[in-house]
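A short worksheet on the structure shown next.
Only the coordinates and a few stated rules stand behind these numbers; no lab work does. None of the values given here were measured: they were computed from a predicted structure. With ideal geometry, Cβ positions are generated from the backbone for all residues, glycine too; neighbour counts draw on all protein chains shown.
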Amino acid sequence: MTYLSKESMRIITYAVITSAAFYLGIIFYTSLNQQTALIVQVKEHRPDLEKKIWSDLKISTGGETLSIQSKETEKWLETYIRSYSGKEDLRISYAKITDYLESLAPHLNTGPVNAKLKFDNDRASIFVPPSPGQRLNIPLSTGLIAEALIDHKPSISLAFDFIEPEITLEKINDLGIKTLLGRGESDYGKSPASRIHNIKIGMAKFNGIILGSGEEFSFNNFLGTVDERDGYQAELVIKGGELVREYGGGLCQVSTTVFRAAIMSGLSIVERRPHSFPVQYYNPQGFDSTVYPGVVDLKFSNNTSNHILIQTKVTGSKLSVEVYGSSDGRKVEIEGPIQYEKEQNGAMKAYFIRKIYRNGQLTEEERFGSNYKAPPIHPLERNPLE
């Protein structure tokens with residue numbers, strides 16, 4: 001075993017104390033005969049940070065590059081009092097950078113896109129490929145920006161977490177989509193050109209939707225916004241005694257057809273409302289479903305044990321919505337629609353009954369009623385999506 005001399009121990013002790021004291025701002029020098037306190041000025045960060053912050057910073061988001069001007073990055077500095085010296089200094093505010101990234105995140109985050117399927121010749125195949133989503137990793141990106149400012153880097157790339165889609169090519173065979181469960185149909189007849197245009201856009205929104213077992217379908221959620229930017233055309237309606245243009249006329253033709261498909265597939269209807277008065281496009285009366293974004297919705301749930309696929313078609317003036325999935329032996333029968341209490345002014349009531357059989361036994365029976373008022377002479381109460 002080797003023992004250190006007293007002189008060696010003094011040197012080692014001095015080195016340790018010197019290293020530690022350098023960061024504390026004070027060096028204590030010890031000699032054999034006396035002890036002297038030597039105050040060392042620690043470098044201030046303000047001059048260096050102010051110099052670096054005056055440069056613009058380019059931030060890559062993956063799809064585009066944002067240029068953050070120096071007057072913006074200057075706001076990411078904050079003053080503080082150094083605890084060991086009592087002097088005011090400057091530092092980078094991680095909290096301010098985080099606030100900036102949180103405001104940026106909604107514009108950068110994207111959800112994953114599931115593969116969209118079509119069913120042909122008893123086989124499901126992809127017609128829209130899947131793609132991953134991305135979510136901004138704010139803590140990691142905050143550190144990257146702070147590092148870039150400290151090291152005077154002109155640009156950085158933000159950090160993202162990627163989200164894989166639930167439905168991919170490899171998972172198609174595990175979805176249980178094997179057979180037609182039910183079909184809904186309607187005819188838009190002699191609709192004006194703008195209404196036909198809107199119907200075709202609307203039908204495309206619902207083609208290829210996949211719902212997992214127990215998942216709820218909301219027509220308005222899948223429909224999204226209804227305005228000119230989405231390609232919809234407007235038609236004139238009367239509101240408050242004035243003619244105004246409303247976008248999306250004809251979309252209730254789509255919701256009605258989807259409703260009929262859900263009924264014929266034996267799916268659980270969560271929310272459905274009939275139109276306020278009879279509309280010729282939805283014959284037979286009593287088998288319709290109106291919608292209006294933010295007000296009235298059509299909802300149903302997938303009460304099968306596997307995924308279901310919704311597929312839409314437009315052939316001539318006829319709409320068709322088909323639901324594919326795994327059969328559990330259910331059979332659906334419809335009684336009606338039956339119209340009654342018909343008035344000369346066009347008001348009436350109607351209903352239909354859905355019966356669901358399993359293994360020849362009636363397991364569910366439900367009545368769906370409609371109460372229609374007289375059609376207005378002027379469409380003061382008209383739903384513009386009709």
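Under the 0.36 nm per residue contour assumption, what length would be gained going from the current alpha-carbon distance of Ile353 and Ser67 to full extension?
Separation in residues times 0.36 nm, less the Cα-Cα distance, equals 96.7 nm.
Can you run the Rg to Rh ratio on the stretch 138-240? Use alpha carbon positions and the Kirkwood inverse-distance Rh. Please report the intermediate quantities before stating the final value.
Values: Rg = 23.2 Å, Rh = 19.5 Å.
For the stretch 138-240, the value is 1.19.
Across the stretch 175-372, how many lysine pairs, 8 or more apart or on two chains, come within less than 19 Å at their alpha-carbon atoms?
11
Highest first, please rank the peptides 258-269, 320-331, 301-312, 357-368 by the mean number of other Cβ atoms sitting within 10 Å of their residues.
On the way: 258-269: 22.8, 320-331: 18.3, 301-312: 20.2, 357-368: 11.8.
Most protected by this proxy first, the peptides run 258-269, 301-312, 320-331, 357-368.
Calculate, in nm to one decimal, what Tyr94 and Thr179 gain on full extension: separation in residues at 0.36 nm each, minus their alpha carbon distance.
Values: separation 85, 0.36 × 85 = 30.60 nm, distance 5.53 nm.
Fully extending the segment from Tyr94 to Thr179 adds 25.1 nm.
Around Leu144, what is the net charge, scoring Lys/Arg as +1 and Asp/Glu as -1 over all other residues with Cβ under 13 Å from its Cβ?
Details: positive: Lys58, Lys153; negative: Glu147, Asp151.
So the environment of Leu144 carries a net charge of 0.
What is the stretch 175-372 by shape, rounded, prolate or oblate, if you read a ≥ b ≥ c off the alpha carbon gyration tensor as root eigenvalues and call it rounded for a/c under 1.5, prolate for a/b larger than b/c, and oblate otherwise?
Since a/c reaches 1.5 but b/c is at least a/b, the shape of the stretch 175-372 is classed as oblate.
For the stretch 310-386, which semi-axes, largest first and in whole Å, follow from the square roots of 5 times the eigenvalues of its Cα gyration tensor?
32, 21, 9
Using the Kirkwood formula on the Cα atoms of the stretch 221-319, what hydrodynamic radius do you get, in angstrom to one decimal?
15.2
Rounded, prolate or oblate: which fits the stretch 118-191 when a ≥ b ≥ c are the square roots of the eigenvalues of the alpha-carbon gyration tensor, with rounded for a/c under 1.5 and prolate only if a/b beats b/c?
Judged from the Cα gyration tensor, the stretch 118-191 comes out prolate (a/c at least 1.5, a/b above b/c).
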